[in-house]
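All of the numbers you see were taken from the coordinates with simple rules; none came from a lab. Predicted model only: the values in this text are computed from it and were never measured. We place every Cβ from the backbone using ideal geometry, glycine too, and count neighbours over all the protein chains shown.
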Amino acid sequence: MNIHDFNRLLEPDGEIAIEAASELNPIERDFLQHYQVLQRSFPDELARPALETAILREEAKKKFPFAERMFFIREALEQASSYEVSSYRANRYKGYSCLVDLGCSIGGDTIPLARIAPTIGIDRDRLRLAMARENLRNVGQPGDTILLQHDLADELPLAGDRELALFCDPSRRKRGRRVYSVNRYEPALNKLLAWQSGFPALGVKISPGVDINELRKFDAELEFISYKGALKEAVLWFGPLKRKVRVATVLPGPHSIESDETYGMEYSRFDRYKEEFQGVDPQAFIYEPDPAIIRAGMVRTLGRRLDAHQLDPHIAYLTAAKSITTPFARVWKIIDWMPFNLKKLRKYLREHRIGQVIVKKRGSPIQPEELINALRLEGEIERVLFLTQLRGRPIVIVGMQNQIS
């Protein structure tokens, strides 16, 4: 889609074309078929962008509660945070008189930021800015939101102001491929930090798969955020926006665990005493920490809260004698456990009439589908099998299908 096509969509016949496309309940896989249907009633310059819009709006419902009123291009939608995550993130900026969304794209982050304070959105792409303007209008954002076309490779078109806070979602793709190094973002992280002297309050969205070693030199809080059990993103908070050193946040909630220790410190401290800790046998319950906890390196921190211990010093499963409900982990009751042996496991499952299993694994090379096929299950009882390690040796834990929390 180009800017001319987008402007046509805003005209009355464009709105009609989008409505007609939406009535087809289109999906990307059947694009050509739907396109041919729309061509019977609309010119190509309307049929194609209208169909693209209808498809992307349907896909965007997973991220935006008001997706049916928004405009997207595919790359922008794929990179956008869900509204729940961006709204949580925007709350960090409460108290500032003005906010700036650097690389605002279609406005997915600008919308919740503008609900906190007057916001300036900056992007170099004319089409994305046009979409952002329409998206802000369609969701009823305050009229004092300003959108500027500007390339962030140049200096910021703003005067330094300590009462003004910045948020940036740098581009993490080049030629359609993901970029994980903060030095290859556009703009690169070092470029963003050069602006901090004039704007101390800075938040930067980064990939959750970032190389932690690249971040150790920065004086920032590193926060990992998950939503409904899936790790979504990481954020670096600089200056007055920094509260701790490491944070793991679980949404909905929010629920956070914070630490003033640098990333990996709890493990380096553990390494000094690893001879004293070789793991513990499975107890009554097994916990699977949320991915934000795992990525933030807070498994043992969570274990202390739950009075739980790692089964193995290198595996992110915890076990405990009692179950404590927590938003930071899923927990199952342990029925039995044994050293892993395919024949013995098959015999055990048949003797206990276990015919349906979910296989979860950490530290095991076995693929769940291959194991299920090899077990040749029979029976009506459901269980969860955990393939993991204990003191470096493979074990299998049999847990209740219904998780406790």
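In this model, which of Lys191/Lys361; Lys174/Lys217; Lys94/Lys191; Lys191/Lys360 are farther than 32 Å apart at the alpha-carbon?
Long pairs (Cα-Cα over 32 Å): Lys191/Lys361; Lys191/Lys360.
Here the extension length gained between Glu163 and Glu19 equals 47.5 nm, from 0.36 nm per residue of separation less the Cα-Cα distance.
Where both bridge residues fall in the chain, DSSP classifies roughly 60% of the beta bridges as antiparallel.
One equal scatterer on each Cα of the chain, no solvent, Debye formula: the resulting log10 I(q)/I(0) at q = 0.10, 0.11 Å⁻¹ is -0.82, -0.93.
Taking region 297-375, which GluC sites (Glu not before Pro) meet the DSSP loop condition and have no more than 16 other C-beta atoms within 10 Å?
Counting only loop positions with at most 16 other Cβ atoms within 10 Å, none of the GluC sites (Glu not before Pro) in region 297-375 qualifies.
Which residues does the label zone of Leu342 cover in region 359-396, counting backbone N under 17 Å from a point 7 Å along Cα→Cβ? Once the point is set 7 Å along Cα→Cβ of Leu342, 359, 364-378, 387-388, 394-396 turn out to lie under 17 Å by backbone N, inside region 359-396.
Can you pull out the trypsin sites (Lys or Arg not before Pro) in region 203-259 that DSSP calls coil and that have at most 13 other Cβ atoms within 10 Å?
On the way: sites: Lys205, Arg216, Lys217, Lys228, Lys232, Lys242, Arg243, Lys244, Arg246; in loops: Arg216, Lys217, Lys228, Lys242, Arg243, Lys244.
Passing both the DSSP loop test and the Cβ count: Arg216, Lys217, Lys228, Arg243.
What FRET efficiency comes out for the pair Glu382/Asn183, r = Cβ-Cβ distance, R0 = 45 Å, nearest 0.05?
Values: r = 48 Å, r/R0 = 1.07.
Working from the Cβ atoms, E equals 0.40.
Restriction of the trypsin sites (Lys or Arg not before Pro) in region 1-64 to DSSP coil positions whose beta-carbon has at most 16 other beta-carbons within 10 angstrom yields Arg40, Lys61, Lys62. Residue order for Asp123, Asp154, fewest other beta carbons within 10 angstrom first, comes to Asp154, Asp123.
The modelled label-to-label distance between Arg124 and Ile212, using points 7 Å beyond Cα along the C-beta direction, is 3.3 nm. Working from Cα pairs under 8 Å separated by at least six residues, relative contact order for the chain is 8 percent.
The angle between the Cα long axis of helix 342-351 and the longest principal axis of the Cα atoms of the chain comes to about 80 degrees, rounded to the nearest 10.
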